[in-house]
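Read the structure below first, then the notes.
No value in this document is a laboratory result; all are computed from the given coordinates. Nothing here was measured: the structure is a model prediction, and the numbers come from that model. A quick note on method: Cβ atoms are made from the backbone with ideal geometry, for glycine too, and the neighbour counts reach across all protein chains shown.
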Amino acid sequence: MSGLLERIRADGVLVADGAMGTLLIARGLPAGAPPESVNLERPEVLEEIAGLYLDAGADIVQTNTFGGSPLKLAAYGLADRAEDVNRAAVTAARRAVAAARAHAGGRRAAWVAGSCGPTGRLLEPYGDTRPDEMSESFTRQLRALVEAGVDAISVETMTDLTEAVLAVRAAKLVAPRIPVFAAMTFDATPRGFFTIMGVDVARAAAGLAAAGADVVGSNCGNGIETMVAIARAFATLGARPLIVQANAGLPRLEGDAAIYPETPEFMASHAAALIAAGARVIGGCCGTTPEHIRALRHAVDRGATDAARA
Amino acid sequence: MGLLERIAETLQAGEDEQVGDLTRQAIAAGLAPKEILDRGLIAGMNAVGEKFRCHEIFLPDVLLAAKAMIAGMNELKPLLVREGIPLIGRVVLGTVRGDLHDIGKNLVAVMLRGAGFEVIDLGNDVAPDRFVAAAEESGARVIGMSALLTTTMPAMQEVTRLLQERGLASRVRTIIGGAPVSADFARQIGADAYAYDGANAVERVKALMAAE
């Protein structure tokens with residue numbers, strides 16, 4: 001289904017989904033196993049989770065392919081299954097979208113974004129991976145995602161701008177007409193926001209846009225309040241439209257489990273500030289649940305109603 | 001600027017070939033290997049750790065500095081061995097089961113080796129009994145564990161539990177590190193120490209060894 005970028009450019013706000021990993025663990029993903037192993041073994045679980053987020057009001061569901069690049073899968077001996085891993089995730093998400101559409105009598109639009117996270121490898125000279133190897137790895141993943149029918153590509157949780165740019169460029173080469181979201185993970189430092197690799201918001205915004213990203217922004221690493229500040233930093237540079245996917249705060253360990261402290265209501269109470277800063281795709285990252293997405297959905301709809309009245 | 005200060009400076013700039021050259025020059029000039037190590041290489045690496053902590057520099061700079069430190073160590077090691085500078089101790093190191101992140105653990109290994117420890121690096125995704133078996137076989141008195149994920153940090157507790165069960169907890173001490181862990185978490189799981197970076201890990205491991 002097309003129209004995704006048109007909606008965003010027409011100043012619509014789209015709600016994306018929330019965390020995947022915690023829901024997979026709750027459904028039996030063993031500690032230490034790669035989340036993508038579910039794609040091959042139990043794709044029906046992915047369809048169920050996508051369905052939960054669509055029920056909660058998400059316009060966009062992301063595929064369970066964050067670690068789906070061959071370089072990343074190689075760590076688990078799954079590199080040669082990269083095409084299958086990515087394809088299976090898209091198929092599951094598409095089925096969930098089709099079911100949600102049918103449930104709404106065909107009157108509902110929803111999209112599937114192909115998630116593309118870091119390879120987990122470091123580029124030369126500080127690491128041992130050559131740019132062409134990394135590019136090739138992204139291309140294989142992205143081709144599989146596009147051929148299986150994603151509506152957008154979501155490059156996310158990047159900390160190295162060179163790696164992010166390689167992924168965005170690979171996406172634009174594989175599918176020039178498919179919208180590309182590109183989000184990086186920043187830390188708040190006394191000198192401003194930087195990724196662990198030393199990329200600030202200005203370099204990220206300029207570099208990602210130059211590589212061809214249609215929507216830029218940030219995901220992971222921070223709770224919603226810091227994300228509002230990061231969105232404003234992008235906004236000051238004139239970078240928009242933005243994608244923002246906050247964690248439900250920073251995790252505390254209780255017993256054997258990581259607890260994310262920010263409630264759905266708390267997160268949703270900052271939606272208006274995110275939208276004012278130019279965010280047009282708003283979703284959740286680590287620790288968020290379908291309830292967080294439901295609260296964001298309500299906040300976004302309320303904002304639209306208020307704007308229409310004004 | 002003296003030779004040792006120049007080693008420390010070029011190490012901070014991540015110039016591995018230059019650090020190797022300067023270390024050779026320092027050796028040829030007759031400086032004591034231990035001096036070159038402490039006031040050159042380790043001084044440089046400590047400054048890098050401090051700047052990283054203050055967000056003045058970032059991970060790429062730290063990784064390049066670590067490469068430079070290894071280049072210097074490669075020149076120094078034969079001399080340190082020949083002079084019989086005593087090994088401070090032996091440490092088993094690894095990233096815990098299910099966790100494939102080894103950048104932090106590798107930096108800690110570089111720092112510990114620089115400080116004179118023998119490091120038995122088990123790599124990443126290390127099962128709890130492998131940590132314990134490696135310590136028993138090698139006679140190492142410290143096990144260092146790293147985790148980057150909230151989902152893998154509980155695996156650290158399995159190691160401390162195993163040591164307790166086998167009656168080894170008094171002989172083999174544990175130290176943990178990594179983004180999601182803390183001093184509180186170390187106490188909670190019965191680990192003996194927590195370190196927030198490579199330089200701090202060296203101090204803590206030294207303290208653990210001295211405490212016996």
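State the Cα centre-to-centre distance between the stretch B:107-125 and the stretch A:63-136 in whole Å. The stretch B:107-125 and the stretch A:63-136 have Cα centres spaced 34 Å from each other. Where a ≥ b ≥ c are the square roots of the eigenvalues of the C-alpha gyration tensor, would you call the stretch A:161-225 rounded, which needs a/c under 1.5, or, failing that, prolate if a/b is larger than b/c, or oblate? Because a/c hits 1.5 or more and a/b exceeds b/c, the stretch A:161-225 counts as prolate.
Partners of B:LYS34 within straight-line reach, counting lysines whose Cα lies under 20 Å from its Cα and excluding those fewer than 8 residues away in the same chain: B:LYS67, B:LYS77, B:LYS206. Oblate is the label for the stretch A:113-235, because a/c, from the alpha-carbon gyration tensor with a ≥ b ≥ c as root eigenvalues, is 1.5 or above and a/b does not exceed b/c. Positive-end ranking of A:ALA273, A:LEU73, A:VAL90 along the dipole of chain A, with charges on Cβ about the Cα centre, is headed by A:ALA273.
Mean residue ellipticity, 222 nm, helices only, chain A: the sum of -39500 (n - 2.57) across DSSP H runs of n ≥ 4, divided by residue count and rounded to 500, is -14000 deg cm²/dmol. Residues B:CYS54, A:CYS220, A:CYS285 in ascending order of nearby Cβ atoms (within 10 Å, fewest first): B:CYS54, A:CYS220, A:CYS285. So who's got an amide H within less than 5 Å of the one on A:PHE193, skipping anything under 5 residues away but keeping other chains? H placed 1.01 Å off N, in plane. So A:PHE193 has HN proximity to A:VAL201. Compared with the rule-of-thumb size 2.2 N^0.38 Å for a compact globular protein, the protein assembly as shown has a Cα radius of gyration ratio of 1.04. Amide H to amide H distances under 5 Å link A:ALA277 with no residue, where only residues 5 or more positions off or on other chains count and H is placed in the peptide plane. If R0 is 51 Å, the Cβ-Cβ spacing of B:ARG161 and B:ALA29 corresponds to a FRET efficiency of close to 0.45. Of the residues A:ARG280, A:ARG169, A:ARG191, the one that moves most in a GNM of chain A with alpha-carbon contacts below 10 Å is A:ARG191.
The charge dipole of chain B, taken about its Cα centre with unit charges on the Cβ of Lys, Arg, Asp and Glu (plus for the first two, minus for the last two), comes to roughly 500 debye. Ordering B:LEU59, B:GLY20, B:MET73 by Cα displacement along the dipole of the stretch B:1-102 toward the positive end leaves B:MET73 in first place; charges were set at the Cβ atoms of Lys, Arg (+1) and Asp, Glu (-1). Rg/Rh for the stretch A:1-123 stands at 1.00; both radii use Cα atoms, and Rh follows the Kirkwood definition. Seen from a random direction on average, the alpha-carbon convex hull of the stretch B:1-138 projects onto 8.8 square nanometres.
Since only B:VAL142, A:GLY105, A:GLN62 are under comparison, the one whose Cα sits farthest along the positive direction of the charge dipole of the protein assembly as shown, derived from C-beta charges on Lys, Arg, Asp and Glu, is A:GLY105. Of all the options A:ASP11, A:ASP128, A:ASP80, the one that moves most in a Gaussian network model of chain A with Cα springs shorter than 10 angstrom is A:ASP128. Extension gain for A:ALA272 to A:ARG203 (0.36 nm times residue separation, less C-alpha to C-alpha distance): 22.2 nm. Cα centroid separation, the stretch B:127-168 to the stretch A:198-261: 35 Å. This model, with +1 at the C-beta of Lys and Arg and -1 at the C-beta of Asp and Glu, gives the stretch A:1-144 a dipole about its Cα centre of some 420 debye.
The charge dipole of the protein assembly as shown, taken about the Cα centre with unit charges on the Cβ atoms of Lys, Arg (+1) and Asp, Glu (-1), comes to about 740 debye, rounded to the nearest 20. Under the rule a/c < 1.5 gives rounded, and otherwise a/b versus b/c splits prolate from oblate, where does the stretch B:77-212 land using the Cα gyration tensor? Cα axes put the stretch B:77-212 in the prolate bin. One compactness figure for chain A is 0.92, namely its Cα radius of gyration divided by 2.2 N^0.38 Å. Exposure proxy ranking for A:VAL215, A:VAL165, based on other Cβ atoms within 10 angstrom of each Cβ and starting from the fewest, stands as A:VAL165, A:VAL215.
The stretch between A:ASP80 and A:THR263, if pulled fully straight at 0.36 nm per residue, gains 61.9 nm over its current Cα-Cα span.
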